[in-house]
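Taking it in order: structure first as structure tokens, then the write-up.
The values are calculated or read from the model by the stated rules, or taken from the named source; none is laboratory data. It should be emphasised that the depicted structure is a prediction, and the values quoted were computed from it without experimental measurement. Virtual Cβ from ideal backbone geometry, glycine too; neighbours counted across all protein chains shown.
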Amino acid sequence: MRIAEAVDHPGCLMLASWGIGLLSLRQGDLHRALPLLERAMGICHETDLPVYFPRMAAALGAAYTLGGRVADAMPLCTQVMEQTTATGMPVFEVVLCRLSLGEAYVLAGRLEEAQALAEQALTLAREHQERSNQAYTLHLLGDIAARREPPASEQAEAHYQQALALVEALGMRPLQAHCHRGLGMLYLKTGRREQAHAELSAAMALYRAMDMTFWLPQAEAALAQVKEE
């Protein structure tokens, strides 16, 4: 197949849309990510390429969740998780689908279900030595623990710190920023102002360096609250 033909091939267009959309999602650029990921999903359905459905759906579900569209994220993430469970997909896809659904559960306030999925994902990632997915799962577990009432602060801190150790070793700077933000928000809740200031400042520096402005307002508001107290 010649290069020009490859570019026009539906499968190539699908993967290109998914790849660019996923990168945009990691940067928090939902305005760009959503149409690309929806396009990738559409091509996947239109061209009957079910083998790609899990990764397309997991990314689109994550985008819906980030945008607060839990009603769209939940059924899509549930469908893809059921499919990966029934058909024996590769482990990395099974983990991604559990992470995507777990994040949607957190947004919906269904923390026990999110916890169960995250623990399953962490076990699989560790068994198969998928260190990047371990980091994503530990971050999710940190978020779950931090959202409990009252916060399970020791568990949340331990999960975030374990995730940080992995992401720093692997060079996963976007997730590193999220871990610092998570720790900062946790320390703010538990009255540890100096630590909250340090963690939120670290998160904001990383977000600015990577042009990840989507998460800056929350971090800035939290830091302002630290300074006011």
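Odds and ends about this structure:
- Qualifying position, being of a type in the set (Lys, Arg) and in contact (Cβ under 8 Å) with a residue 12 or more places away in the chain, among 208, 192, 173: 173
- Check on residue 194, acidic (Asp, Glu), loosely packed, with under 15 Cβ neighbours inside 10 Å and in a helix (DSSP H, G or I): yes
- Any chance residue 208 is modelled with pLDDT of 95 or more, more than 15 Å from the chain's Cα centre (by Cα), charged (D, E, K, R) and assigned to a helix (DSSP H, G or I): yes
- Selected residue [among the β-branched types (Val, Ile, Thr), in a helix (DSSP H, G or I) and closer than 23 Å to residue 151 by Cβ] from 94, 106: 106
- Test: residue in segment 167-175 that is within 15 Å of the chain's Cα centre (by Cα), hydrophobic (A, V, I, L, M, F, W, C) and within 26 Å of residue 52 (Cα to Cα): yes
- Matching entry among 141, 122, 117, 175 (being closer than 25 Å to residue 81 by Cα and in contact with a Gly (Cβ under 8 Å, 6 or more places away or on another chain)): 117
- Residues that are in contact with a Ser or Thr (Cβ under 8 Å, 6 or more places away or on another chain), in the same structural domain as residue 21 (by TED's automatic domain parsing), in contact (Cβ under 8 Å) with a residue 40 or more places away in the chain and crowded, with 22+ Cβ neighbours inside 10 Å do occur in segment 46-56.
- Set 216, 124: member being in contact with a helix residue (DSSP H, G or I) (Cβ under 9 Å, 6 or more places away or on another chain), assigned to a helix (DSSP H, G or I), within 24 Å of residue 102 (Cα to Cα) and at pLDDT below 95: 124
- Number of positions in segment 52-76 that are farther than 14 Å from residue 37 by Cα and assigned to a helix (DSSP H, G or I): 4
- Residue satisfying condition, being of a type outside the set (Asp, Glu), over 12 Å from the mean Cα position of the chain (by Cα), surrounded by 18 or more Cβ atoms within 10 Å (Cβ to Cβ) and more than 17 Å from residue 130 (Cα to Cα), within set 74, 89: 74
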